[in-house]
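Notes to accompany the following structure.
The values are calculated or read from the model by the stated rules, or taken from the named source; none is laboratory data. Bear in mind that the values here come from a model prediction, so they are computed numbers and not experimental data. FYI the Cβ positions are ideal-geometry reconstructions off the backbone, even for glycines, and counts take in every protein chain you see.
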Amino acid sequence: MEIISSQYLISSPSLDGCPAPTLPEYAFIGRSNVGKSSLINMLCNSAKLAKTSSAPGKTKLINHFIITGGDRKQWYLVDLPGYGFAKVSQGERKRWEKMIEDYLRKRPNLVLVFILVDSRHSPQKKDLDFVNKLGEWAIPFAIVFTKTDKITQREAAKNQADFLHELKKTWESIPPHFVTSALKKTGRPKILAHIAEGNKVFNEFYDSQKF
């Protein structure tokens, strides 16, 4: 898949404010400072589509971007707040948690959630807990290992293997997973091909069912 245009559409404080669910949708989520904005910009080949920041917790709303592929068909890319929340009040934390859960469990056109995992670290409990939570909710997802250019290839490979090993303890099969670098654009073709396949399945279902 090639992307010919990408554009910010809307930021919503709740599920009710999201666009009509008529296009296939892919959400990106991870712990704070996992490199989510950089990955989104890399996938869309745009340096400024998603705002990057050195301060964790910058994303606080459900952010929709509308993407147009080379086949002229469109889909939504969604930038979600992190689940390893930055330093915020307990009330704000609960609001974020409810907003994210409502979106993930009730958004009818959500095809897949990309869970971003920082390759620089050994398996983190927050990442594993979130993966298992999506499993409990029966929400399709894929793992994206980020920031592989920040450490040696050997270190990144070990941390990725350790994470997948932890998943094998609770999962019968390992979900799709991708290795990425926003700097080197590693993983971009494979992720976009995965989205293209999801779009095909969604559009076939949409044409036969309609929402």
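Here are a few things to note about the model shown:
- Hey, Tyr76 surrounded by 14 or more Cβ atoms within 10 Å (Cβ to Cβ), assigned to a loop (DSSP other than H, G, I, E, B) and among the hydroxyl-bearing types (Ser, Thr, Tyr) or not: no
- Residues of segment 158-199 that turn out to be in contact with a helix residue (DSSP H, G or I) (Cβ under 9 Å, 6 or more places away or on another chain) and of a type in the set (A, V, I, L, M), as a count: 8
- Residue, farthest from Cys44 (Cα to Cα), within segment 157-177, restricted to residues that are surrounded by 14 or more Cβ atoms within 10 Å (Cβ to Cβ) and under 20 Å from the mean Cα position of the chain (by Cα): Leu167
- Sole exception among (1) exposed (fewer than 14 other Cβ atoms within 10 Å of the Cβ); (2) in contact with a Ser or Thr (Cβ under 8 Å, 6 or more places away or on another chain) for Thr180, by number: (1)
- Qualifying positions in segment 94-124 - modelled with pLDDT under 95 and surrounded by fewer than 14 Cβ atoms within 10 Å (Cβ to Cβ): Lys94, Glu97, Lys98
- In the set (1) exposed (fewer than 13 other Cβ atoms within 10 Å of the Cβ); (2) hydroxyl-bearing (Ser, Thr, Tyr); (3) in contact (Cβ under 8 Å) with a residue 60 or more places away in the chain, Ser89 fails one condition alone, (3).
- Scan of segment 154-211 for residues that are over 19 Å from Leu116 (Cα atoms) and among the charged types (D, E, K, R), ordered by number: Arg154, Lys169, Glu172, Glu197, Lys200, Glu204, Asp207, Lys210
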